[in-house]
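Values quoted throughout were computed directly from the atomic coordinates according to the rules given, and no laboratory measurement underlies them. No experiment lies behind these values; they were computed from the predicted model shown. Here the Cβ positions follow ideal geometry from the backbone for every residue, glycine too, while neighbour counts run over all protein chains shown.
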Amino acid sequence: MKKKECSERIEQKEILLEPPRGWLNLRMKELWEFRELLYFLTWRDIKVRYKQTFLGAAWAIIQPIITMVIFSIVFGKLAKLPSEGFPYPIFTYTALLPWQLFSRSLSDASASLISNKHMISKIYFPRIFLPISSILSSLVDFFIAFLVLLGMMVYYEIAITWRILFLPAFLLLAVISALAAGLWLSALNVRYRDIKYVTPFLLRVWLYATPIAYTSSLIPKEWELVYGLNPMVGIVNGFRWAILGQSIELSSLAIISTSVVLMFFISGLFYFQRMEQTFADLI
Amino acid sequence: MGNHIIRAQNIGKEYRYHSGKRRVMLRQALEDSLKSGVNLMRMKAKSQESSMPKMPQSTFWALRNISFEIKSGESVGIIGSNGAGKSTLLKILSRITAPSEGKAYLRGRVGSLLEVGTGFHPDLTGRENVYLNGSILGMRRTEIDRKFDEIVAFSEIEEFLDTPVKFFSSGMKMRLAFSVAAYLDPEILLIDEILSVGDTAFQKKSLNKMENVVQDGRTVLFVSHNMAVVRSLCTKGIFIENGEIKYLGEMEKAIEEYLHNGDTQNQISFVANANSNRKIQIMAVEFDNETRRSNRFPHDQSLRIKIKIAIRKNLYRFSVSLSILDKKLNPISTSYDFEKDEKQLLSRSPGLHTYLVKVPPILTPGRYSLSVRINQLGRKRVNLKDTAEGICPFDIYDIGSPRSRANIPWSENLSLPLDWILMDSTTGKPEK
């Protein structure tokens, strides 16, 4: 009986191993088969993240709050940057939420292959799960930090409008941007360890190129197109638009941002799957 | 086609040397692309000139022309010396790395155990790691749920299940990891030398478990250096040498081939070019073991080593020494020619002298090499006159000792043949 079951399963599929070829082979079916591993990897990342810390998951709140306080003092009080009429703390916190998600995801994802190199050289599984799981686990931090935002909205008496329904779309865009950058950087990191040093620097520049401490209306009109190439501009503005109801022209910037993200994401997918089969040899 | 579950056709794997370094730096890549750009321009300028220096060959084939077919239910042992390509073959079959050429067809779910405890996380508890590791090995969550109690019972660490693994002893960690792996049941199982886990009782248990797996009709590929294990587990054998299949057939025959055929001639012995300027010189060192073409010896056989010394002038007070080195090239035993006959120290006439050194079977299974030295013993210090270090690498194999049958690992390099005499308790004399 068991034998028969076995042979039936055998006839169902045959795996062919051959030299890597082709650009268009995402093997979605296989990803689906391994889906439980993605769950376990994400679960591991979440479990391990705040292990052996005294404050535990509270760090997910403390980090953005401290950054918000610093920004409010330096940019809000001292530099007196305009905040479109909103209290500066909540103005910057709405931007810090997606930013922290993005930067944490990006740095974890770009290191994800290297820090799991032991697994890569010893067993087969879809490698793409490593950057994806580090991004999914960052989402947990995002939702914890989001609770603080709700508290602040009550405190500053900011009403929730219909626009909040669009928030998931901007969140998705932030996740895809992080994944796009994560795919590129993690695959490059396997070959060029320089990426480890590039990433923190890249994130610092990116932070200032994104309207977190300031408002994007400070950018001169003629530079707006170039500025919009940074996908985080569209995402941060989207968050402010959806939560605070900030009156900004979303359309042009959002479209540019979205298309840039999609371009990077698709090219990242192809680059990653192209390099995937050489990871074990290079890592 | 028939009932072949694994079919490999001309598999080859090419690796690139990274000019000594394994990591490619960005700078190098940029330089390379810049250089090739410049070269391209030069090429255009010189058009048909073919004097452009070619890039030195910086690749090598770890495997080449590997073809075989394995039927469903067969257990196959893959043997060969270190670096022969065994592990590369398993890595290709388990899809960790892709072949550079050729194809392989696998029919069925493949489980690979190239290492015990892949993905174990020190901060997670034993219980959590069973799930994580099981899922990495390709088990479904429901499957782990179902087998969980059996896995834990097999590992014998029930009481520490909720302790983070970092507080485990390495033996406990290995036992838990092996237990997860032991309950994996794919159609094809690829295993790389993992049966030497835990204490002897646990080793015996895991070996029994593997025997069950084989008897269950699962297709199993083992890579191992332990001839006793592959002999007892496998029916079919593949002997790989220098990336090529040297023998494919019965396990027993494969082991025989392996022990009798080895590395090329120049590696297994040492030969020096005569240099007439030297007063004394080591000319050759080799094993004198019948017709063997390899330096692989069973653990129960004496070794006979021939050392040829050329003496070109009358010399006084010198000695020849032979050291046996372990695999890290540390000497484990040194013997001098004058120890049995002190007169050897006085003088020796010029000419070619040959020593035959007999080593009793006291070396335990493993890899060794030799080192031969000629010293002149001066009044105050010893002058080294000639030396040949780390030559004639050889392997000692356990071909079925009482120890291996009892599953006791060889832990030291030397095992002295001591006599154990059971005394009669009443007469105080040896029992019959």
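Brief remarks follow.
- The alpha-carbon atoms of the range A:29-282 define a convex hull whose volume equals 141 cubic angstrom per residue.
- Nearest 10 degrees, 0 to 90: helix A:2-12 Cα axis against chain A principal axis: 70 degrees
- Links that overshoot a 22 Å alpha carbon limit, given the list A:LYS122/B:LYS86; A:LYS122/B:LYS173; B:LYS308/B:LYS343; B:LYS166/B:LYS327: B:LYS166/B:LYS327
- Loop-located chymotrypsin sites (Phe, Trp or Tyr not before Pro) in the range A:134-209 whose Cβ has at most 14 other Cβ within 10 Å (DSSP): A:TYR156
- Debye log10 I(q)/I(0) at q = 0.14 Å⁻¹ for the range A:97-216, Cα point scatterers: -0.67
- Here the mean projected area of the convex hull built on the C-alpha positions of the range B:61-260 is 11.1 nm².
- In nm, spacing of pseudo-spin labels at A:ILE62 and B:TYR15 (7 Å Cα→C-beta vector): 4.5 nm
- Near-label residues of the range A:97-112 by backbone N, under 19 Å of a point 7 Å along Cα→Cβ of A:LEU218: A:97-100
- Calculated [θ] (222 nm, deg cm²/dmol) that DSSP helices of n ≥ 4 give over chain A, each run adding -39,500 (n - 2.57): -22000 deg cm²/dmol
- The Cα atoms of the range B:67-156 cover 42, 28, 23 Å along the three principal axes, with the biggest extent listed first.
- Of the Cα atoms belonging to the protein assembly as shown, the radius of gyration and Dmax stand at 33.4, 111 Å.
- With a simple spin-label model that places each label point 7 Å from the Cα along the Cα-to-Cβ direction, the separation between B:LEU384 and B:TRP410 comes to 2.8 nm.
- Separation in nanometres of the label points that stand 7 Å from Cα toward Cβ, at A:ARG27 and B:THR354: 5.9 nm
- Residue order, fewest to most surrounding Cβ atoms within 10 angstrom, among A:THR53, A:THR258, A:THR94: A:THR53, A:THR258, A:THR94
- Averaging the sequence gap over all C-alpha pairs within less than 8 Å and six or more residues apart, then dividing by the number of residues, gives chain B a relative contact order of 14 percent.
- For the protein assembly as shown, the share of DSSP beta bridges that are antiparallel, to the nearest 5, is 80%.
- Residues B:PHE167 and B:ASN242, FRET efficiency given R0 of 60 Å [Cβ-Cβ distance, rounded to 0.05]: 0.85
- Here chain B is scanned for GluC sites (Glu not before Pro) in DSSP loops (not H, G, I, E, B) that have at most 16 other Cβ atoms within 10 Å, and the longest stretch holding none of them is B:157-289.
- Per-residue [θ]222 nm for chain B (sum of -39500 (n - 2.57) over DSSP H runs n ≥ 4, rounded to 500): -7500 deg cm²/dmol
- Here the calculated FRET efficiency for A:MET263 and B:SER67, from their Cβ-Cβ distance with R0 = 41 Å, stands at 0.40, rounded to the nearest 0.05.
- For A:ARG35, B:ARG312, B:ARG64, the sequence from fewest to most other C-beta atoms within 10 Å is A:ARG35, B:ARG312, B:ARG64.
- Ranked A:LEU172, B:LEU176, criterion: other C-beta atoms within 10 Å, fewest first: A:LEU172, B:LEU176
- Cα principal axis extents for chain B, largest first, Å: 101, 81, 47
- For B:ASP123, neighbours were defined as the other residues whose beta-carbon sits under 14 Å from its Cβ, and their charges (Lys and Arg +1, Asp and Glu -1) total +4.
- Annotation: the antiparallel percentage among DSSP beta bridges lying fully within chain B is about 75.
- Local electrostatic count, B:THR387, Cβ distance below 13 Å [Lys/Arg +1, Asp/Glu -1]: +1
- Note on the range A:161-253: Rg/Rh from C-alpha atoms, Kirkwood Rh, equals 1.03.
- Summarised in one figure, the compactness ratio Rg/Rh of the range B:89-138, Cα atoms and Kirkwood Rh, is 1.10.
- Rg ratio (alpha-carbon, reference 2.2 N^0.38 Å) - the range B:266-397: 1.06
- Scalar couplings 3J(HN,Hα) for the range A:134-150, obtained by applying the Karplus form with A = 6.51, B = -1.76, C = 1.60 to θ = phi - 60°, are 5, 6, 4, 6, 5, 4, 4, 4, 4, 5, 5, 5, 5, 4, 4, 4, 4 Hz; x denotes Gly and Pro.
- On the principal axes of its alpha-carbon atoms, the range B:129-245 has extents of 46, 29, 26 Å, going from largest to smallest.
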